[in-house]
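Please read the structure below before turning to the comments.
Derivation of every value follows stated rules applied to the coordinates shown; laboratory data play no part. Computed from a predicted structure; not experimentally measured. Please note: Cβ atoms are built from the backbone with ideal geometry, for glycine as well, and neighbour counts cover all protein chains shown.
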């Protein structure tokens, strides 16, 4: 047992608050025991043990850690009955200072702290400790966190018996203590607010720019009505029937997949509010916004129930939740964005995500979004692909008419663009990628250029300049603005390639050519070190591709630009 | 003290020289921001407008500044930030996060750094708590809760942007660009990189979210402008305490720039590269010769500094070798000539050396094998030779294949200046036979 206390073993399995009397003892959640939760409860009961003065260092260490916990205890105030143990007040000055700081912060955050709750501030520390402990449980993969905590503990705890309570011996199971109810950890992370609100757009061009920003997604997406209808009917039918299902949405970036799905869900939620369809829960996760595919479980669990758990624990809990025919009546709609990032070698995460909807009582609808149309066939193993099913929807890239319509509907009768300018942008972008984001960004840039040149409407010249800037390839310009020796070196590279008949050469061979060219131009022949410096500069810009420079004169080089482009750039002056 | 009196004040010459050193060193070594960046006015204006719109209107943006090394990207950004910080509205509101791809080599470290710099709630002092996953969720929640009109805008500066594109999944870049394209807290993401092909490094999702706004810092400097720039860099400012000394100094700088030999030297440097950094190194070397005894920069100073800058590193190293090692190098050179660059090993070199000894050596005599081996190892330590590819530890040391890292010209150049080189060795170097 990790906590072999030198103190008399007062195993408090029940809530025996030493100070708080309004705490209901014995309130438990029905969370199944796992070693980690057991550990956490164990630590809770450690907190319940003997009164203040005994382990001030431990308390203060806990407090300090808690203070650094991610959440202030605001919402925990509501759940005070879930506290399962009082904390003794530490007599140490530093701990008192820390606790007064916590108090101050809480006072700042929530003015409704009454005076009688002030004395209970110290007892909120266990909540923080709990937060920190479940904090800890989340990242058992993070060795550094463990070391960090252990280091903190070992630093701060002076007494020997506290060392026994360090969490580092995670392998040793703690005694099964009372089940601690999981609290809702509502983090309040926030970016501070500005002094005055942001300036509103002043003139027409600024207004156009604000409307053309990619983030200003309209209520209803133009040119996606059919897709909207399909997804809407799919989800609505599932919600009405109370069954589950999977749908796979694919399309190149910038075609409005996530936006359409979110619009569908907005409409459905509105309909649910109007009681036209049964209520449902909508959660979304994004494969790119998590650090590891298994975090998906933890995120889904948190968004569904507000519980925080490690990935494995969350997987178990979700499995239980979706397998058991609980009295749950609500359908859950889960949107999984960037599905391909949830790939693992055994594809467990994806398997589970598509398997749960097939359970009878799960009532889970999964909408998966990715970029490749044939992702199920290409990277999913058979059983996962079959569970994903054949309900697929493919979003095509926008055509130029659609892009034009999108921009026009965004501007919404705001006369800022000339028609042919708009058409030029749409055609150009549609020819390249059909990405709505590019189109909007180019239009925005065009308005900036127009504003700077103080013309009225955004015309062809502005749009062409914006297109030039955003589609340009800088290689030719970079070669033209390179120094004389760099240009000679490029010429030497081409000459050497011609001589060898290959597309690669060593620096030594090119140097010979370079020195010959210098003599032809009447410049002083360049030395080896200088030549290496020139070569290195060209390699840094990626005009040339080089081998590692530790090879010195023996490094091979290749051209990263086509020979014609280089000659064109060098000729034009 | 009136201004006129202050200008007429005469400091002792030592004081003047140390002041000169201080001012100029700050310019060359400490990357002092110039009053007005030259040659990049359009980009300066563009960037300033962009950041101002983010700070004032809450409009999210992303931009990449691309330019070769030493082109002045960081300087441009710092000068724009300096200009913006003079407006109270910007200074009070804009939060800044500075990241560098060389320092934050991983997304985990980068997230901790962002959290620390923004002083989010899970930071105490300088310590960030929470795992990678938590930090990410925390940051994303914080930004998501923000709002265009009421949150403070955040400026993310990503130096060495191309290194961030090599992190796993490009998570950080995806999230930053995603925030810049969503209705969340306003952010401005500025990336600085020297690679021209940086867009090819971005994944398609990340690329789609990036606004494709790029600024190129490609200098189009002519030689007269370059001379003008040197003159500016070397001149003393108007508020120098000793006015007369400053005038003399500036006059000397002007004559220096007009001097013929100095111009040749500067032309050579201009041909090699036009960026600030190499220029500063050259001028620093000139400055370090300025002292009380020689209170101005002369063309000879410039010439010496240039020679120092452009000297060949390996040729200088050859001067420190012993005669035996030099002979081995010459033997390797002959082997390279005969076998056209094929790798050699110690035995081959030794044989070549013995051939020289037999034929025409007066001053050298044969050494024992261990001594030759030791000389060979010394050359390997100096990285004048290196093992050829695929050299394994299985072959014996004497038979491991090596390649010579020196060029023909470097060896000949070194031999000319080698102190007390025996003549027969020199002759041997010029031709293997005869």
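Could you pull out which residues in segment B:195-233 have an amide N less than 20 Å from a spot 7 Å beyond the Cα of residue A:476, following the Cα-Cβ vector? Only B:196-200, B:214-221 pass the distance filter.
Between residue A:374 and residue A:453, the simple label model (points 7 Å from Cα in the Cβ direction) yields a spacing of 4.6 nm. Between 0 and 90 degrees, the angle of helix B:107-118 with respect to the longest Cα principal axis of chain B falls at about 50 degrees.
Nearest 10 degrees, 0 to 90: what angle lies between the long axis of helix B:243-258 and the longest principal axis of chain B (Cα atoms)? Once rounded, one gets 60 degrees.
Using a simple spin-label model with pseudo-atoms 7 Å out from Cα toward Cβ, residue B:289 and residue A:346 lie 7.2 nm apart. Spin-label model, residue B:106 to residue A:281: label points 7 Å out along the Cα-to-beta-carbon direction sit 3.4 nm apart.
Per DSSP helix of 4 or more residues, -39500 (n - 2.57); summed, then divided by the residues of chain B. What does that give at 222 nm, rounded to the nearest 500? Each step should come with its number before you reach the end.
Details: 22 runs with 241 residues, N = 434.
Result for chain B: -17000 deg cm²/dmol, rounded to the nearest 500.
Distance between Cα centroids, segment B:339-369 to segment A:378-403: provide it in whole Å. Centre-to-centre distance over Cα atoms comes out at 71 Å.
What average count of beta carbons from other chains do you get within 10 Å of the Cβ of residues in A:513-526? Numbers along the way, then the final one.
On the way: counts 0, 0, 1, 0, 0, 1, 0, 0, 1, 0, 3, 5, 1, 4.
Going residue by residue through A:513-526 and averaging, the value is 1.
Distance from the Cα centroid of segment B:185-259 to that of segment B:265-301 is 18 Å (rounded to whole angstrom).
Here r is the Cβ-Cβ distance between residue B:182 and residue A:498 and R0 is 35 Å; the resulting FRET efficiency, rounded to 0.05, is 0.10. Shape class of chain B from the Cα gyration tensor (axes a ≥ b ≥ c, square roots of the eigenvalues): oblate, since a/c reaches 1.5 or more and a/b does not exceed b/c.
Please work out whether segment A:475-571 counts as rounded, prolate or oblate from its C-alpha gyration tensor, where a ≥ b ≥ c are the square roots of the eigenvalues and a/c under 1.5 means rounded, while otherwise a/b larger than b/c means prolate and anything else oblate? Rounded shape, in that the Cα axes give a/c under 1.5.
In plain terms, the residue of A:417, B:276 with the fewest other Cβ atoms within 10 Å comes first and the most crowded comes last, giving B:276, A:417. With the cut-off at under 18 Å, measuring from each backbone N in segment B:227-262 to a point 7 Å along the Cα-to-Cβ line of residue A:521 picks out B:227.
Net length available on complete extension from residue A:207 to residue A:461 is 89.4 nm, with 0.36 nm assigned per residue and the Cα-Cα distance removed.
Can you put B:367, A:471, A:395 in order, fewest other beta carbons within 10 Å first?
Working: B:367 16, A:471 13, A:395 20.
Final ranking by Cβ density, sparse to dense: A:471, B:367, A:395.
Quick check: from the Cα gyration tensor, does segment A:412-481 come out rounded (a/c under 1.5), prolate or oblate? Let's see the in-between values first.
Details: a/c = 2.53, a/b = 1.39, b/c = 1.82.
Cα axes put segment A:412-481 in the oblate bin.
Here the Gaussian network model covers chain B, with springs between Cα atoms less than 10 Å apart; of B:56, B:338, B:123, B:338 fluctuates the most.
The mean number of partner chain beta-carbon atoms within 10 angstrom of a residue's beta-carbon across peptide B:263-276 is 4.
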